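Single-structure report; data block below.
The values are calculated or read from the model by the stated rules, or taken from the named source; none is laboratory data. Computed from a predicted structure; not experimentally measured. Glycine gets a Cβ as well: all are built from the backbone with ideal geometry, and neighbour counts include every protein chain shown. When the accessible area is computed, the model is the full protein with side chains, heavy atoms only, and any ligands, DNA or RNA have been set aside. Shrake-Rupley method; radii C 1.70, N 1.55, O 1.52, S 1.80 Å.
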Amino acid sequence: MRLRPFAMITLASLTTAAASRAEVTGTIDPPLSPRNASYVIDATLDLASRTIIGSEVILWRNITTKPATELQFHLYWNAWRDDHSTWLREAKLGARRPVPAVTPGERARIDVTALSVRGIARADLTTVMRFIAPDDGNTDDRTVLTARLPQPVAPGDSLTIDLSWTAHVPRTVARTGVIGNYYFIAQWFPKLGVLQDAGWNCHQFHNGTEFFSDYGSYDVRMTVPTGWILGATGVEREHHDNANRTTTHHYHQDDVHDFAWTTSPDYLERHARFEHPTLPPVDMRLLIQPEHAWQADHHLEAARAALQYYGEWFGAYPYGHITIIDPAYQSGAGGMEYPTLFTAGTRLFAPDHADAPRDVVVHEAGHQFWYGVVGTNEFEDAWMDEGVNTFSEARVLGTWGAPTYLSQRYFGGFVPYVFRDIVLNREVDWNRFAAYRRAPKGDPQSTPSFRYYPTTGGITTYNKTALWLNTMERWLGWPTVQRIMSTYFSRWKFRHPKPQDFFDVADEVSRRDLKGYFDQVYRSSDAFDYGIQELRSDKDGDKYRTLAVVRRYGEAIFPIDVRVTFADGKQVVEHWDGAERWHLYTYEGTQPAVSAEADPGHVLLLDVNRTNNSRTLPPLDAAGPEASTKWSLKWMVWLQDYLLSWSMFV
Ligand SMILES: [Zn+2]
């Protein structure tokens with residue numbers, strides 16, 4: 001057991017946090033990012049009609065080498081406009097149960113009422129707007145809007161874009177919307193895609209994937225009922241009350257690629273501060289549901305853990321403040337990341353040594369690094385944020401604090417029971433191995449993520465990546481992998497790396513050609529499975545002749561060790577490149593073999609069947625079959641838990 005490295009929050013730290021908040025303005029100078037897509041937004045929430053009336057000015061700069069002839073915008077909320085959207089069609093494909101019909105009043109929609117451009121060419125584009133479906137040609141999908149420009153925008157040139165829109169807030173769906181008087185407003189405004197040299201990267205909203213956008217400054221005014229608590233990306237610069245019992249809150253944040261907010265009269269507010277000898281301080285603001293108030297320290301401690309370990313391993317959190325949102329019961333919010341703000345769903349009963357909510361908090365706080373700072377394309381390369389982050393989260397949970405025990409929930413999920421004899425561990429539990437081994441061949445990871453088969457896409461994105469990165473760590477050593485991750489982080493922060501950029505850094509830092517490994521884990525959907533097929537020791541005079549056959553049962557290839565143990569306790573470790581289908585090792589000596597094991601160091605965490613990895617000769621060695629049985633039993637218990645809890649994470 002080790003002590004948790006963090007002190008509990010004291011009155012003194014509350015005072016410090018309050019004092020320093022005034023200094024944090026959301027302004028960053030000099031800029032950390034290209035800031036080529038900056039938004040000034042004005043939005044008013046009307047409770048009676050559950051409508052947002054919004055207007056925005058986008059200052060956009062063409063940072064590609066090609067002229068831009070059109071604009072493309074995401075209108076994500078149109079995914080829930082009717083049953084014909086690509087999002088809902090995909091939801092049905094992946095659903096175990098029929099997707100329930102939603103009444104028209106509970107549907108969402110977003111309608112652009114005016115679009116015009118200033119700058120090099122002033123023009124009203126409202127009449128030339130149209131919907132396109134670049135991914136699947138679904139003419140009923142309205143999640144991508146395009147408008148042809150009257151005059152191309154040359155590389156390096158800027159354009160000012162004005163939009164007005166009306167949006168109907170959905171009943172909570174996909175972590176967004178309203179339930180009771182809890183509003184969580186995300187992916188909510190008309191938002192530019194990412195212009196690249198190949199053209200606009202502006203995918204339709206898909207059920208299984210998330211988002212992608214350029215960095216900029218966000219300056220947002222939100223008008224909500226007076227007295228309601230509001231949390232948002234960035235920092236509040238000021239607020240003022242209006243005559244009609246509403247209050248306008250003005251938030252600002254530089255160098256982010258999205259903006260989300262929430263409002264409710266019910267939130268309780270807590271503050272604390274992250275401090276560290278070598279990392280910049282971070283003010284933490286927690287908006288928590290009253291019934292969870294006693295869990296506030298759990299949230300804040302877990303957020304501290306993420307800021308500390310991610311900061312030490314990968315690079316510093318650059319924003320100076322972070323907001324943690326505890327979503328309302330039945331909001332379906334679970335955990336979700338936005339720049340400088342995240343949701344972390346918890347439960348009414350959350351025992352001290354169970355995984356929730358700390359795993360969710362670490363995961364979502366971790367996304368500030370892998371998603372927020374390193375801005376990968378979540379439509380196409382979801383593993384680069386979700387998978388890398390699952391690996392990182394698992395490493396924090398495996399490094400930090402007291403042991404966590406398996407917990408199961410009963411009575412409709414309300415009542416948890418903690419199994420004190422099953423300690424969760426990083427390699428199997430936090431990497432989500434149990435789910436992975438049931439579906440290791442879903443899709444090659446290199447397939448664009450939005451085209452993954454729905455029910456196994458998450459496993460390919462989250463679990464497989466965590467397992468292959470952790471395998472790399474056990475193979476190459478943590479110092480090498482840590483340097484790979486920190487080099488990749490510092491080189492690609494506030495940019496949009498592609499998978500090859502990560503692989504190039506891995507080769508460069510490790511001074512190895514890792515292409516063969518990435519071919520197996522990233523470019524193929526082959527599974528790894530090594531095992532001992534046969535072990536014999538035959539007496540031949542006064543000697544024993546031992547045969548050990550190690551076999552590659554899976555398609556994928558990885559170099560493994562093979563360890564043969566003899567009756568006098570001596571061991572021989574062979575290094576096999578793992579490429580052939582099988583390999584024979586023979587020994588002659590005075591002692592018979594008692595056991596043989598493939599990959600005795602458990603380096604290859606992707607091995608989908610560890611029960612065949614060892615063979616033992618009679619008399620039975622205590623470590624042999626018993627160990628296998630123990631693994632199998634643990635899997636059976638964990639399997640059920642994973643099925644129940646897996647969908648909580650995003
Ligand atoms: Zn995630």
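In loop segments of the range 203-294 as defined by DSSP, the trypsin sites (Lys or Arg not before Pro) with at most 15 further C-beta atoms inside 10 Å of their C-beta are 245. Over the range 144-276, accessible surface divided per residue gives 31 Å², non-protein components excluded, 1.4 Å probe. Radius of gyration over Kirkwood radius for the range 521-586, both on Cα atoms: the Rg/Rh ratio is 1.08. A Förster radius of 45 Å, combined with the Cβ-Cβ distance separating residue 609 from residue 140, puts the computed FRET efficiency at roughly 0.50.
Ignoring ligands, DNA and RNA, what percent of the 1.4 Å accessible area of the range 184-334 is carbon and sulfur? Numbers along the way, then the final one.
Values: 2180 of 4380 Å².
Heavy-atom surface of the range 184-334 belonging to carbon and sulfur, 1.4 Å probe: 50 percent.
Suppose a student asked you for the relative contact order of the range 124-223, using Cα pairs under 8 Å spaced at least 6 residues apart; what percent would you report? Please report the intermediate quantities before stating the final value.
On the way: 83 pairs, mean separation 19.9, N = 100.
Over the range 124-223, the number comes to 20 percent.
Max-minus-min Cα coordinates of the range 63-207 on each principal axis give 50, 31, 24 Å, with the largest extent listed first. The slack in the chain from residue 127 to residue 582, taken as 0.36 nm per residue of separation less the alpha-carbon distance, amounts to 157.1 nm.
Which FRET efficiency value, to the nearest 0.05, is calculated for residue 495 and residue 276 with the Förster distance at 22 angstrom and r the Cβ-Cβ distance?
Details: r = 25 Å, r/R0 = 1.15.
Taking R0 as 22 Å, the efficiency between residue 495 and residue 276 is 0.30.
Here the calculated FRET efficiency for residue 197 and residue 148, from their Cβ-Cβ distance with R0 = 22 Å, stands at 0.65, rounded to the nearest 0.05. Relative to the current alpha-carbon distance between residue 242 and residue 451, full extension at 0.36 nm per residue lengthens the span by 70.5 nm. Note on the chain: Lys pairs 8 or more places apart or on different chains, Cα atoms under 19 Å apart, count 6. With a ≥ b ≥ c the root eigenvalues of the C-alpha gyration tensor of the range 506-623, is it rounded (a/c under 1.5), prolate (a/b larger than b/c) or oblate? Prolate is the answer for the range 506-623, as a/c is 1.5 or above and a/b outweighs b/c.
The residue list 548, 145, 95 was ranked by how far each Cα lies along the charge dipole of the chain toward its positive end, using unit charges on Cβ atoms, and 95 comes out on top.
Against the criterion of solvent-accessible heavy-atom surface with a 1.4 angstrom probe, 467, 424, 32 sort, most first, into 32, 424, 467.
Placing pseudo-labels 7 Å out from each Cα toward the beta carbon at residue 524 and residue 542 gives an inter-label distance of 4.9 nm.
When the helix-only estimate is applied to the chain (DSSP H runs of n ≥ 4, each -39,500 (n - 2.57), divided by the residue count), what is the mean residue ellipticity at 222 nm, nearest 500 deg cm²/dmol? Walk me through the numbers on the way to the answer.
Details: 12 runs with 140 residues, N = 650.
Taken over the chain, the calculation gives -6500 deg cm²/dmol.
Divide the volume of the convex hull around the Cα atoms of the range 458-555 by the residue count and you get 135 Å³ per residue. Extent of the chain along its three principal axes (Cα atoms, max minus min coordinate, largest first): 101, 56, 50 Å.
Which percent, nearest 5, of DSSP beta bridges in the chain are antiparallel? Taking every DSSP beta bridge within the chain, about 90 percent pair in antiparallel fashion.
A simple spin-label model places the labels of residue 29 and residue 570 7.5 nm from each other, with each point 7 Å out along Cα-to-Cβ.
In the range 92-204, the DSSP beta bridges split such that about 95 percent are antiparallel, to the nearest 5. Treating the angle as unsigned and between 0 and 90°, give the value, to the nearest 10°, between the Cα long axis of helix 499-510 and the longest Cα principal axis of the chain. The angle comes out at about 50 degrees.
The length gained by stretching the chain between residue 83 and residue 66 to full extension, at 0.36 nm per residue less their Cα-Cα distance, is 2.4 nm.
Using C-alpha pairs below 8 Å separated by at least 6 residues, the relative contact order for the chain is 11 percent.
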